[in-house]
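S.K.: Following this message is one structure expressed as structure tokens.
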């Protein structure tokens, strides 16, 4: 079951990459430069998240009990920073290269990562009883700024 998620994810990224290389570019003027900060932010967030996982990282939505529940660093504010980083980079790359189909694949990746995160969270709740509390104080892809913080 878990490998199906990985196969779809790889297919979406391959399709995205193909569109950046093989489809015509648009003429978006200065809008294309919005891609640069998105690429940078996505890379930074993604690298921070990967560094926190270390060698225990897995592409499967199944939690790795030996890792424990991460709730420090970037995970203190965002439950799925690797997905956020990938999405920011996908939108940034599509904007910078001015590829309409790149934006279509970035949107498809957004839907996919939302579904995958929901499945992963169902499994995390079963593995870590305190995950529900963590969900209440953090956002899935964007920080949740509580007034009580």
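What follows is calculated from the coordinates using simple rules that are stated; it is not laboratory data. Just so you know, these numbers come straight off a predicted model, no measurement behind them. Cβ atoms come from the backbone with ideal geometry, glycine included; neighbour counts cover every protein chain shown.
S.K.: Calculate the tail of P(r) for region 2-137: the fraction of all Cα-Cα distances greater than 26 Å, expressed in %. Don't jump to the answer; show the numbers that get you there.
M.R.: Numbers: 2554 of 9180 pairs.
Every Cα pair in region 2-137 considered, those over 26 Å come to 28 percent.
S.K.: Once the Cα atoms of region 4-79 are picked out, what are the Rg and Dmax in Å?
M.R.: Cα radius of gyration and Dmax of region 4-79 are 16.5, 49 Å respectively.
S.K.: Still on this structure: Taking the beta-carbon count within 10 Å as an exposure proxy, list 53, 80 from fewest neighbours to most.
M.R.: Working: 53 14, 80 21.
Ranked by crowding around the Cβ, least crowded first: 53, 80.
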